[in-house]
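J.: Let me begin by handing over the structure; questions about it come next.
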Amino acid sequence: MEKFHITDVISLLGLPMPSNGRSSYYIQCPCCDDSPRNKHLNINVKKDVYRCPRCGIYGGIFDLYALYTNTPRDKVHKELLKRLGSPEKVERKKKTVIPTPVIDCPVTDIEARHATYTALLAKLSLAQDHRQNLINRGLSDENIVKLGYKTTPVVGMTAIAKQLQSEGCYLAGVPGFYRTSAGEWSFYQNERGILIPVRDMQCRIQGLQIRRDNVEKRKFRWVSSTDMKDGCRAESWTHIVGPVRPMSLLTEGPMKADVVHTLTGLTVIAVPGVNTLTQLEKTLTVLRKEGLSEIMTAFDMDMATNYYVRDAYKKLLELLGNMNFKYGTYVWDPRYKGLDDFVWEYLLKRRKSQ
């Protein structure tokens with residue numbers, strides 16, 4: 001006996017169809033998304049179900065039709081027969097066997113992310129070894145509190161997630177949050193390190209990075225819950241610290257930018273890496289309208305010896321040139337890898353000599 005499929009209803013309702021090869025995709029949720037850019041309603045055409053991890057609505061074929069047409073559910077089957085005819089008469093494309101891809105929940109808006117991350121960080125603390133690490137970089141306790149650095153949580157994240165939900169925070173679409181096998185919301189907590197808020201020009205938290213303990217390579221990583229149930233990947237957001245001014249520094253790494261700004265008062269823009277320029281162009285376009293006209297780059301001194309870094313740096317300069325920015329490059333004593341190291345050492349020596 002044939003039955004209706006969810007694609008029959010999707011077509012009938014005029015909703016977006018999945019792109020080729022996808023059995024699961026996201027569209028705007030009619031209950032909680034207030035903009036076409038927000039897409040939290042997941043439709044699984046393989047299982048004939050839908051669900052929104054943000055507001056919790058879910059159901060099958062008849063539920064989806066009832067949701068969009070306000071038809072009582074017990075009358076949906078009769079109405080589908082009237083509009084489509086019997087299931088065996090519905091024309092469908094020939095099915096092909098395709099692998100089920102892993103689909104991330106789309107990133108939610110900046111206001112929701114900022115509110116959720118702010119509430120999360122308020123519930124966390126900073127371990128003493130991490131506090132000392134930051135003090136050794138030139139930051140004071142007051143600086144550390146203002147920047148919002150915290151230690152990654154070790155346990156209890158399911159309980160904290162419940163508290164955040166009870167406070168009205170959205171967790172769906174916020175990188176780092178995901179659902180456990182029991183269906184409860186939780187937060188990424190696999191590695192110990194320092195949580196670093198990555199902020200926009202309005203000081204809103206776009207995402208979080210981790211400075212991981214006891215590793216030599218890839219010390220800084222994004223907090224992400226990609227490949228997890230209702231999880232979400234982080235984007236390569238650009239970090240901004242300080243007011244918009246005609247001239248700003250451009251460096252690599254949010255923590256380095258925070259330290260340089262704290263020690264010098266300069267406005268600093270930070271990319272996650274010299275190779276990650278996707279978000280930078282968007283950020284610079286906005287900042288130029290606010291008055292930014294000149295950029296001084298200040299990347300680590302290994303640029304002089306690392307071919308790959310040097311090549312990526314050339315592409316960065318091409319971007320700045322194409323956008324008609326004035327730009328230059330700061331250089332310093334190569335014994336100090338980063339500008340933050342050099343500035344702190346210089347200021348420390350100057351204070352001792354006074």
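J.: If I filter segment 222-238 for residues that are free of Cβ contacts under 8 Å to residues at least 40 places away in the same chain, out of contact with any Asp or Glu (no Cβ under 8 Å at 6 or more places or on another chain) and crowded, with 18+ Cβ neighbours inside 10 Å, do I get at least one hit?
T.: First, pick out the residues of segment 222-238 that are free of Cβ contacts under 8 Å to residues at least 40 places away in the same chain: none.
No, segment 222-238 contains no residue that is free of Cβ contacts under 8 Å to residues at least 40 places away in the same chain, out of contact with any Asp or Glu (no Cβ under 8 Å at 6 or more places or on another chain) and crowded, with 18+ Cβ neighbours inside 10 Å.
J.: Can you name every residue in segment 155-192 that is within 26 Å of Phe220 (Cβ to Cβ) and either outside the structural domain of Gly207 (by TED's automatic domain parsing) or over 21 Å from the mean Cα position of the chain (by Cα) (or both)?
T.: Residues satisfying the conditions are Val155, Gly156.
J.: Residue pairs, Cβ under 8 Å, 6 or more apart or interchain, first in segment 118-129 and without any contact (Cβ under 8 Å) to a residue 60 or more places away in the chain, second among the acidic types (Asp, Glu) and loosely packed, with under 15 Cβ neighbours inside 10 Å. List them.
T.: Once the first residue is without any contact (Cβ under 8 Å) to a residue 60 or more places away in the chain and sits in segment 118-129, its partners that are among the acidic types (Asp, Glu) and loosely packed, with under 15 Cβ neighbours inside 10 Å give Ala119/Glu167.
J.: Quick one: Arg221 ticks every box in (1) within 29 Å of Ala298 (Cβ to Cβ); (2) outside any strand (DSSP E or B); (3) modelled with pLDDT under 95; (4) of a type outside the set (Ser, Thr, Tyr) except a single one, so which number is it?
T.: Status for Arg221: all satisfied but (2).
J.: Within segment 186-218, track down each residue that is of a type in the set (A, V, I, L, M, F, W, C), in contact (Cβ under 8 Å) with a residue 40 or more places away in the chain and part of a loop (DSSP other than H, G, I, E, B).
T.: Answer for segment 186-218, where residues must be of a type in the set (A, V, I, L, M, F, W, C), in contact (Cβ under 8 Å) with a residue 40 or more places away in the chain and part of a loop (DSSP other than H, G, I, E, B): just Met201.
J.: Next question, about the same structure. Taking Ile160 as the residue in question, decide whether it is outside any loop (DSSP other than H, G, I, E, B), touching a helix residue (DSSP H, G or I) at 6+ places or on another chain (Cβ under 9 Å) and without any contact (Cβ under 8 Å) to a residue 12 or more places away in the chain.
T.: Judged against the criteria, Ile160 is not a match.
J.: Now a separate question. I need every pair where a residue in segment 319-332 that is more than 14 Å from Leu292 (Cβ to Cβ) and assigned by TED's automatic domain parsing to the domain that holds Glu290 has its Cβ under 7 Å from the Cβ of a residue that is outside any strand (DSSP E or B) and of a type in the set (Gly, Ala, Ser), sequence separation at least 6 or different chains.
T.: What qualifies is Tyr330/Ala298.
J.: Next question. For segment 308-326, state whether one or more residues are at pLDDT below 75 and over 26 Å from Glu281 (Cα atoms).
T.: No, there is no match, as no residue in segment 308-326 is at pLDDT below 75 and over 26 Å from Glu281 (Cα atoms).
J.: Hey, among the residues in segment 204-222 that are in contact with a helix residue (DSSP H, G or I) (Cβ under 9 Å, 6 or more places away or on another chain) and not charged (D, E, K, R), which one's farthest from Gly183 (Cα to Cα)? Working first, answer last.
T.: Of segment 204-222, the ones in contact with a helix residue (DSSP H, G or I) (Cβ under 9 Å, 6 or more places away or on another chain) are 204-209, 211, 213, 220.
Filter once more, keeping what is not charged (D, E, K, R): 205-209, 220.
Working: Ile205: 27, Gln206: 26, Gly207: 24, Leu208: 24, Gln209: 26, Phe220: 30 Å.
Filtering segment 204-222 for residues that are in contact with a helix residue (DSSP H, G or I) (Cβ under 9 Å, 6 or more places away or on another chain) and not charged (D, E, K, R), the one farthest from Gly183 (Cα to Cα) comes out as Phe220.
The values are calculated or read from the model by the stated rules, or taken from the named source; none is laboratory data. Quick caveat, the model's predicted, so the values are computed rather than measured. Cβ atoms come from the backbone with ideal geometry, glycine included; neighbour counts cover every protein chain shown.
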